[in-house]
Amino acid sequence: MEKPRCSFWLPKKNRFCANTRIHDSLFCGNHNLRSDHQWIPCPIDPSHSVLKENLEGHLKRCPFVKQVQSLTVQPFYQKGINSGIEEGPEEDETKRPAKVGNLALADNNNPDSRFLDHVTSEMKRNAVHSMSLAEFCKLIEKIESVHESMCRDIRDSYKIPEACGIWIKREIDVKLPFQEKHVTQQASILGNLEEFGLVKSPIGSEKCDRDGSLGDDNVVPAVVEFGAGRGYLTQMLADCYGIEKVFLVERKSYKLKADRSLRQKDRLILERLRIDSKPTIYLPAFTDTMLMSCHTSWDPISFAVEDLNLSAVESLQGVPYLAIGKHLCGPATDLTLRCCLMEHCNQVNVAGCGVELDLRGLAIATCCHHLCQWKNYINKTYFASLGITKEEFHAITWFTSWAVDADHGSDLSDVTNCSVHPQSIGTDFSGNNGVEDIIRNMKAVERAALGFMCKQIIDKGRMVWLREHGLETQFVKYVPPTISPENHLLIARYINHM
């Protein structure tokens with residue numbers, strides 16, 4: 001007798017699910033209704049969930065366990081090496097729990113509260129909504145004032161270099177995926193690198209050599225791409241400018257990667273560093289106390305750039321290299337900067353700190369500023385000097401999502417010229433309207449303007465930090481917002497190598 005099938009209707013397939021029902025249910029295991037409190041994210045990989053009562057057994061057979069074990073034994077893995085610290089320049093977080101609005105952050109003396117180091121978008125939103133009207137207006141005024149004084153020199157720098165012609169004209173291998181908006185962004189990143197003197201165009205190079213304007217010292221033989229994904233930014237760099245060594249930093253394995261094409265190039269050495277670009281997140285649904293109750297040794301972990309000790313990569317030691325990244329999400333930019341400039345070398349018991357890596361420069365296209373975290377941010381002193389507190393920093397990061405949540409079919413390049421002072425919003429402030437009502441009544445262009453201002457303030461702090469560490473920097477809009485609203489590019493180089 002045929003077993004009864006699942007009663008869940010699949011509208012896209014126009015049929016019922018073909019899986020067998022589970023006992024005492026009309027549905028299969030995938031579609032059976034379940035209580036949310038019975039399921040928790042897997043501490044090894046939060047992308048899937050597990051029944052709480054089955055947790056101990058699941059941790060022994062989770063398919064990601066082997067991946068976790070293989071990552072931890074890599075010589076360049078050192079947990080939390082680039083994560084930064086929670087303390088601000090003038091506060092000691094070990095003495096009191098921090099707060100965002102009315103939400104408490106982690107108590108550093110309580111390991112079970114470590115997940116609260118990560119302030120979610122929902123926590124940020126609730127904190128903003130809990131502000132008084134006066135506090136909200138004061139914060140908006142502060143943002144406008146800081147932006148006016150710090151961020152007015154950001155220029156457009158949309159560059160399509162001649163060297164990238166083979167990609168622009170689609171003269172590349174037809175098997176390589178081609179999406180015009182991504183190719184355009186990649187080409188402009190490389191064009192800005194060329195203009196800044198970090199890479200040398202092969203076109204007309206003989207004339208440049210005769211004139212003495214560029215020499216062999218300008219040829220950077222290696223590139224490290226953070227958050228590489230499929231690796232096509234590096235692929236274009238290798239095709240158009242020539243690179244001898246390639247290091248792709250990424251955890252996930254993708255289809256249609258550039259690896260096969262890169263490995264076919266003569267004299268090019270490719271190495272993938274299996275590590276993620278996102279920071280560790282401790283899950284509120286799963287704490288160390290729960291782990292201990294299950295008698296396991298697993299720790300909630302996500303392997304990230306915050307765990308990457310670049311100086312322990314032997315094949316990179318002594319090799320001049322360029323660090324690049326296209327759309328490094330939120331705190332991944334801060335982790336990458338700290339990783340490249342080896343800020344961890346003031347710590348004890350860090351492998352490879354006696355080794356000096358030869359970083360020549362970097363180019364990072366930033367994005368997803370709403371994910372930024374105070375603990376990971378690279379330049380807390382910058383915000384403190386502007387009179388911006390940690391609580392206001394989290395509010396600013398939440399505002400940044402407004403820059404990209406609207407329709408960008410029209411050119412928003414001048415949107416930051418729009419005034420977003422609360423008094424300019426058509427709201428009756430004399431009534432009982434709260435901050436949530438004010439936000440709801442803001443025009444889309446006003447929200448976008450405030451979002452872009454906040455993005456630029458955050459990136460400007462990163463640029464200031466690089467300058468303080470001896471690098472010459474530029475902060476530009478490398479593509480028009482119609483191509484991508486996430487169009488900020490941070491470029492830096494050590495002058496003594498140029």
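Of all lysines in the structure, those lying under 25 Å Cα to Cα from K66, and not within fewer than 8 positions of it along the same chain, are K52, K79, K252, K255, K257, K278. Our estimate of slack between N14 and E122, defined as 0.36 nm per intervening residue step minus the Cα-Cα distance, is 35.3 nm. Measuring with a 1.4 angstrom probe and ignoring ligands and nucleic acids, C137 comes out at about 20 Å² accessible. Residues R61, R272, R125, sorted by accessible area with the largest first, give R61, R125, R272 [1.4 Å probe; ligands and nucleic acids excluded]. For G227, the residues whose modelled amide H falls within less than 5 Å of its own, excluding neighbours fewer than 5 places apart on the same chain, are V249. Only protein heavy atoms count here; on that basis, with a 1.4 Å probe, T184 has an accessible area of about 20 Å².
Cα centroid distance between segment 1-62 and segment 137-175, in Å? Between the Cα centres of segment 1-62 and segment 137-175 lies a distance of 45 Å. Comparing Cα centroids, segment 430-478 and segment 223-279 end up 32 angstrom apart. Taking all protein chains as they are arranged and a probe of 1.4 Å, the heavy atoms of M342 leave approximately 30 Å² accessible to solvent. The listed residues S188, S130 rank as S130, S188 when sorted by accessible area, largest first, using a 1.4 Å probe.
The alpha-carbon of K3 sits under 23 angstrom from the alpha-carbons of these lysines, leaving out residues fewer than 8 places away in its chain: K13.
The values are calculated or read from the model by the stated rules, or taken from the named source; none is laboratory data. Computed from a predicted model, the values in this text were never measured in an experiment. Surface areas here come from the heavy atoms of the whole protein model, side chains and all, with no ligands, DNA or RNA. Shrake-Rupley method; radii C 1.70, N 1.55, O 1.52, S 1.80 Å.
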